[in-house]
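The next block holds one structure in the form of structure tokens; read it before the comments.
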Amino acid sequence: MQEDGPARHGHDHGHDHGHEHGHGHGAACGTCTDMLARAERLCRERDLQFTRLRRDVLETVAAAHGPLGAYDIAERLSLPGRRVAAVSVYRALDFLTELGLVHRIASRNAFVSCAHEHGVGEGLVFLICRSCGSIDETTAPEVEAGLHRALARAGFRPASRILEVEGECGACRGRAQGDTGLAS
Ligand SMILES: [Zn+2]
Ligand SMILES: [Zn+2]
């Protein structure tokens, strides 16, 4: 995976590290180190416990290339003779989601870490590639404005405004076009 051609929009969740490092890896990864520092700061500010499990779960999600389900995470954190229960992982994920450190991708029932510091209630658009499984995250103020009007008309107050769009990412489209010699 390399970052050439038209740059993918804005931010990725660290799927482009080119390596997947699990728990206890030697070389520190910038994304994970930043994520952990931010988590520690947020917890300190709010007087919340950044427990070992919460840290382990965040580290696992941040180190993954793509979205991870709670059972995958539990699997990765389990050691012989010491299983981590998925229900505990779910609780840790809820906690991390509330802090904005991870997002739940509803259509995949899976989680990705988030390196941005969102404003509370900021609407998000996830771009989910069906070919390579990558998930990019962006915001669309135009959509937000329209959605806001539609919700106001309906008298509906949203608890979250997360849109998920499935399709083919720029990198995969580029590869497909390269194969057929088409350009657009
Ligand atoms: Zn985010
Ligand atoms: Zn793709």
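Could you compute the net charge surrounding T97? Neighbours are other residues with a C-beta less than 13 Å from the C-beta of T97; K and R count +1, D and E count -1.
Its environment carries a net charge of +1.
Most exposed first by the Cβ proxy, i.e. fewest other Cβ within 10 Å, how do F95, F50 rank? Mind dumping the intermediate values first?
Values: F95 21, F50 18.
Fewest-to-most Cβ neighbours within 10 Å comes out as F50, F95.
In Å and on Cα atoms, what radius of gyration and Dmax does region 119-183 show?
Both quantities, over Cα of region 119-183: 15.9, 50 Å.
Starting from the amide H of S134, placed 1.01 Å from N in the peptide plane, find each other amide H under 5 Å away whose residue is 5 or more places distant or on another chain.
Answer set, sorted by chain and number: C129.
How far is it, in nm, from the label point at E40 to the one at L53 when both lie 7 Å from their Cα along the line to the Cβ?
2.2
Using amide H atoms built in the peptide plane, which far-off residues or other-chain residues are under 5 Å from F111 H to H?
HN-HN under 5 Å from F111: L68, G69, I105.
Between rounded, prolate and oblate, where does region 88-151 land on the alpha carbon gyration tensor, with a ≥ b ≥ c its root eigenvalues, rounded for a/c under 1.5, else prolate if a/b exceeds b/c? Don't jump to the answer; show the numbers that get you there.
Details: a/c = 2.01, a/b = 1.30, b/c = 1.54.
The shape class here is oblate.
Just the number, please: percent antiparallel of the DSSP beta bridges in region 119-183, rounded to the nearest 5.
40
Note down the net charge around A176, summing +1 for each Lys or Arg and -1 for each Asp or Glu among other residues with Cβ under 15 Å from its Cβ.
Charge balance in the 15 Å sphere: +1.
Give me the distance in nm between label points sitting 7 Å out from Cα along the Cα-to-Cβ direction at A150 and T33, one decimal.
4.4
Just the C-alpha atoms of region 30-117: what Rg/Rh do they give, with Rh taken as the Kirkwood radius?
Value, to two decimals: 0.94.
Would you mind calculating the gained length between H118 and R83 on full extension (0.36 nm times residue separation, minus the Cα-Cα distance), in nm to one decimal?
9.2 nm
May I ask you to list the residues of region 92-130 whose amide nitrogen lies under 11 Å from a point 7 Å from Cα along the Cα→beta-carbon direction of R161?
Flagged as within label range: 121-125.
Rule-based calculations on the coordinates, nothing more; no lab input. Since this is a predicted model, take the numbers as computed values, not measurements. Every residue, glycine as well, gets a Cβ built from its backbone with ideal geometry; the counts of neighbours run over all protein chains shown.
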